[in-house]
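Trainee: One structure, pasted below without further comment.
The values are calculated or read from the model by the stated rules, or taken from the named source; none is laboratory data. As the structure is a prediction and not an experimental result, all values here were calculated from the model. Please note: Cβ atoms are built from the backbone with ideal geometry, for glycine as well, and neighbour counts cover all protein chains shown. Calculation scope for accessible area: heavy atoms of the full protein, side chains included, ligands and nucleic acids excluded. Shrake-Rupley method; radii C 1.70, N 1.55, O 1.52, S 1.80 Å.
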Amino acid sequence: MEILVQVLGPIEVRDTEGRAVAAGSRRRRELLGRLVAAGGRAVPLAVLVDDLWEDPPPTAAGTIRTFVAELRRALEPDRPPRTRSHVIETVGTGYALRVPREHVDAHRFEDTLRTMRDRPGDQVARALGEALSWWQGEPYADLDASSWLIPERARLAELHRQAVELRARAVLDLGRGAPLVPELEALAAAHPWREHAWVLLSHALYQAGRQVDALASLRAARARLLDRFGLESVDGLDHLERDILRHAAHLTPAPRDEDRLRLLTRTEATGTYTRLRSMSTVARAAAVTGGTNLVLAQEQRAAAAAEAERTGDPGLTARVIAAYDVPTVWTRADDPARSEALVATARRTLHRLGPGAPPALRARLLATIGLEHRGTRDHWAAEAATEAEQLARDLHDPQALVLALNARFVQSFQHPGRTGERDVIAGELIDLSTRHDLPMFEILGHLIKIQVCAARGDTGTAQRHVVAAERLATAHETPIVHVLTAAFRAMQPAERPNDPAEAAHAYRTVATDLAGAGMPGVEAGMFPLALLSLRMRHRRPAPTDPALDWGPYRPWVQPLLDLAHGNLAAARQAAAALPTPPADHLYDALWAVSAHTAILLQDEPLAARAHDALSPLRDEIAGGTTAMITFGPVNAILSALDQHLGRHLDQHLDQHLGRHRGRR
């Protein structure tokens, strides 16, 4: 059993699925905390005795050995007697905690802070925002102050303050400082000697539109520093005051895309065409940044298209729809109803334009239909993508062509076994985009290549495309790309059979990033499915934590959940009702789940269906197309199904021969 240790608050121990592990009495927890504070270094027995008692009793050394033995049993319940502990190791006369740093919240916090010091602002804001959420109170809150604990608490508290300030600076540099005012007021009041805290607070007040309060805060800080600490002047305070008085541009970064979107929706002075097309254009720019911008961009795009159609002008409607040419790398829509409404608008607009529609406009509308009506087996959507591609090629229009190729990519999932086709599409997207300066679609090409390589198990090539995608994403300020590449990296420990805990932790981090990425079509149910993939590959039952939201994947997982609860009849009933997986990125992953179900239930018809469905994907990785999760090689799943079906065939043959011999 792998464990996670939390000391940023009361000391708690959990397994990798979040279940509490009883660490025992306060004394045992203090010993565990002391080993955590050592950061993996061995602590001699004599030091432990001095640290745990002000006046050690004669039995102190023996008591510590007893505590260690009890902790080992609690933290490693499956360890055979008299075998070496892998969690608390004996080193000389002392002991060392051998828990990976990423499994201890204090160590993970310290490492995150160190890593983020030289990263771009959006990454800093996101990563440190998450890291600060790990704090549940004063470190080691359930322990009394002692000689070892007082300096350790002080050290962690200083790291916490540094993280608050570093995150605040990143958020201010992004122009989003107004909500930080209460937090920074508390920081400055609690630590009045930290001049940087006053600088951050005053900057946040300025971004909140409170210039007078910002100046008053600076002057109050200067007076306090002089009165209490004898500091005549602090450069940071003086520079910020001068910048506020002259309204320096750098104090308030340019309006974000989401702000421009809201402004456009409120503007009535501009003409209808200009306003609606601008809404789509700005939405396009906002969407690639992800998060709330992506959600807002999709809403504004849909609103602009609907309003354009209400004008009764199909040409206007077509141009408003065509102005939003944002790449799509996933086959589940974030909002299916909104996507279908847009498809319906595009199809009606094509009909109203008739055969005389400008070919470039027709190509873009057809590509929009192919992109938005994804994850289905509707032939007309694939035909729309094909026609859009042909029109774009005839026109020698690279912008229309990359959009059409993107539509062909999402429609390629209508049939399994199209990895080679997607590889070709990705190559052409990268080539076209490089020659015609279309960076968003160049990124798309690399992301598709990552999916292709992950499906083929070619990690080395995939990693080169990860580097290329991240380089472009940093240069063109598209942080959403880093969320997707981080998900690919989480696959690496998942593919190592002996490290499920590291993989589970990596997937938890990805789930946190996805939760704020504005992509519910990707996020919904993905984390539980990733945990299931780990459990299946280690021959363990499905995770049954009621807090897990399986999203759209519950029907395929339900039989395994019933089995985990010991309800065989319900499992068989759920398996009998299993639908065919949608034509999307999770097709092979869900069939891998169904194959596992068929073998556990000895369900021959389901095993045969799974075998037929997965056969076109031989030599690939089940789930690899997602570039997020892996259920292992398809060949291995097919082999297991072959063995299962072969056993049943032998049983049927034996029964048939037995009946034949009986008649003789």
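Trainee: Conditions first: (1) within 25 Å of Gln451 (Cβ to Cβ); (2) assigned to a loop (DSSP other than H, G, I, E, B); (3) open to solvent by 10 Å² or more (accessible area, probe 1.4 Å). Pro581 passes all but one, so which condition is the exception?
Mentor: Here Pro581 clears every test but (3).
Trainee: Residues of segment 153-194 being open to solvent by less than 20 Å² (accessible area, probe 1.4 Å), more than 21 Å from Arg126 (Cα to Cα) and in a helix (DSSP H, G or I), which ones?
Mentor: Scanning segment 153-194 gives a single hit, Ala188.
Trainee: Further question: Kindly indicate which of Val466, Val510, Val522 is buried (at least 17 other Cβ atoms within 10 Å of the Cβ), in contact with a Phe, Trp or Tyr (Cβ under 7 Å, 6 or more places away or on another chain), closer than 20 Å to Asp549 by Cα and at pLDDT 75 or above.
Mentor: Among Val466, Val510, Val522, only Val522 is buried (at least 17 other Cβ atoms within 10 Å of the Cβ), in contact with a Phe, Trp or Tyr (Cβ under 7 Å, 6 or more places away or on another chain), closer than 20 Å to Asp549 by Cα and at pLDDT 75 or above.
Trainee: Which numbered condition trips up Ala23, out of (1) assigned to a loop (DSSP other than H, G, I, E, B); (2) without any contact (Cβ under 8 Å) to a residue 60 or more places away in the chain; (3) open to solvent by 30 Å² or more (accessible area, probe 1.4 Å)?
Mentor: (3) is the only condition that Ala23 fails.
Trainee: Collect the residues in segment 429-439 that are crowded, with 20+ Cβ neighbours inside 10 Å and touching a Pro at 6+ places or on another chain (Cβ under 8 Å), keeping them in residue-number order.
Mentor: Ser433, Leu438
Trainee: Oh, and also: Keeping to segment 110-142, report how many residues are out of contact with any Phe, Trp or Tyr (no Cβ under 6 Å at 6 or more places or on another chain) and either buried (at least 21 other Cβ atoms within 10 Å of the Cβ) or in a helix (DSSP H, G or I) (or both).
Mentor: Qualifying residue count for the region: 20.
Trainee: Identify all residues within segment 584-610 that are open to solvent by 30 Å² or more (accessible area, probe 1.4 Å), at negative phi and not basic (Lys, Arg); write none if there are none.
Mentor: Tyr587, His596, Ile599, Leu600, Asp603, Glu604, Pro605, Ala608
Trainee: Could you please find all residues in segment 290-331 being under 29 Å from Glu477 (Cβ atoms), in a loop (DSSP other than H, G, I, E, B) and either over 24 Å from the mean Cα position of the chain (by Cα) or modelled with pLDDT of 80 or more (or both)?
Mentor: Ala323, Tyr324, Asp325, Val326, Pro327, Thr328, Val329, Trp330, Thr331
Trainee: So Val13 clears everything in (1) more than 16 Å from Pro139 (Cβ to Cβ); (2) open to solvent by less than 50 Å² (accessible area, probe 1.4 Å) except one condition, right? Which one?
Mentor: With respect to (1) more than 16 Å from Pro139 (Cβ to Cβ); (2) open to solvent by less than 50 Å² (accessible area, probe 1.4 Å), Val13 is out only on (1).
Trainee: Of everything in segment 143-152 that's open to solvent by less than 40 Å² (accessible area, probe 1.4 Å) and in a helix (DSSP H, G or I), which residue is farthest from Ala486 (Cα to Cα)?
Mentor: Among those that are open to solvent by less than 40 Å² (accessible area, probe 1.4 Å) and in a helix (DSSP H, G or I), it is Leu149.
Trainee: Next question. Cβ-Cβ under 9 Å, sequence separation 6+ or interchain: first residue in segment 471-483 and within 16 Å of Ile450 (Cβ to Cβ) and open to solvent by 20 Å² or more (accessible area, probe 1.4 Å), partner of a type in the set (Gly, Ala, Ser) and part of a helix (DSSP H, G or I). Which pairs?
Mentor: Ile480/Ala287; Ile480/Gly291; Ile480/Ala473; His482/Ala469; His482/Ala473
Trainee: Here is a further query. Tell me which of these Val99 doesn't satisfy, since it passes every other one: (1) at positive phi; (2) under 34 Å from the mean Cα position of the chain (by Cα).
Mentor: Only one criterion is unmet by Val99, namely (1).
Trainee: Going by the structure shown, is Thr272 surrounded by 13 or more Cβ atoms within 10 Å (Cβ to Cβ), at pLDDT 75 or above and of a type in the set (Ser, Thr, Tyr)?
Mentor: Considered against the rule, which asks whether it is surrounded by 13 or more Cβ atoms within 10 Å (Cβ to Cβ), at pLDDT 75 or above and of a type in the set (Ser, Thr, Tyr), Thr272 comes out as no.
Trainee: On to the next question. Kindly check whether there is at least one residue in segment 424-444 that is under 30 Å from Asn635 (Cβ atoms), of a type in the set (Lys, Arg) and in a helix (DSSP H, G or I).
Mentor: no
Trainee: Also, quick follow-up: Quick check on this structure: which one of Ala547, Ala575, Ala504 is out of contact with any His (no Cβ under 8 Å at 6 or more places or on another chain), over 17 Å from Gly623 (Cβ atoms) and open to solvent by less than 20 Å² (accessible area, probe 1.4 Å)?
Mentor: Matching residue, one of Ala547, Ala575, Ala504: Ala575.
Trainee: Looking at (1) modelled with pLDDT of 75 or more; (2) exposed (fewer than 12 other Cβ atoms within 10 Å of the Cβ); (3) within 26 Å of Gly518 (Cβ to Cβ), can you tell me which one His250 breaks?
Mentor: Among (1) modelled with pLDDT of 75 or more; (2) exposed (fewer than 12 other Cβ atoms within 10 Å of the Cβ); (3) within 26 Å of Gly518 (Cβ to Cβ), the lone unmet condition for His250 is (3).
Trainee: Scan segment 138-158 for residues that are more than 31 Å from the chain's Cα centre (by Cα) and touching a residue at least 40 places away in the same chain (Cβ under 8 Å) and report the count.
Mentor: Residues meeting the conditions: 7.
Trainee: If you don't mind, there's one more thing I want to ask. Quick test of your reading of the structure: Asp619 fulfils all but one of (1) open to solvent by 10 Å² or more (accessible area, probe 1.4 Å); (2) in a helix (DSSP H, G or I). Name the failing condition by number.
Mentor: (2)
Trainee: Test Leu45 against the criterion of being of a type outside the set (Asp, Glu) and within 28 Å of His160 (Cβ to Cβ), and give yes or no. Before the answer, list the steps.
Mentor: Working: of a type outside the set (Asp, Glu): yes; within 28 Å of His160 (Cβ to Cβ): no.
Criteria not met by Leu45.
Trainee: Suppose we filter Asp50, Asp55 for residues that are part of a helix (DSSP H, G or I) and of a type in the set (D, E, K, R); which single one remains? Working first, answer last.
Mentor: Numbers: Asp55 fails: part of a helix (DSSP H, G or I).
Of the residues listed, the single one that is part of a helix (DSSP H, G or I) and of a type in the set (D, E, K, R) is Asp50.
Trainee: Looking at (1) farther than 22 Å from Asp584 by Cα; (2) of a type outside the set (A, V, I, L, M, F, W, C); (3) at pLDDT below 95, which is the only condition Asp431 fails?
Mentor: (3)
Trainee: So which residues in segment 532-568 are in a loop (DSSP other than H, G, I, E, B) and among the acidic types (Asp, Glu), if there are any at all?
Mentor: Our first condition is that a residue be in a loop (DSSP other than H, G, I, E, B); within segment 532-568, this holds for 538-550, 565-567.
Residues satisfying the conditions are Asp545, Asp549.
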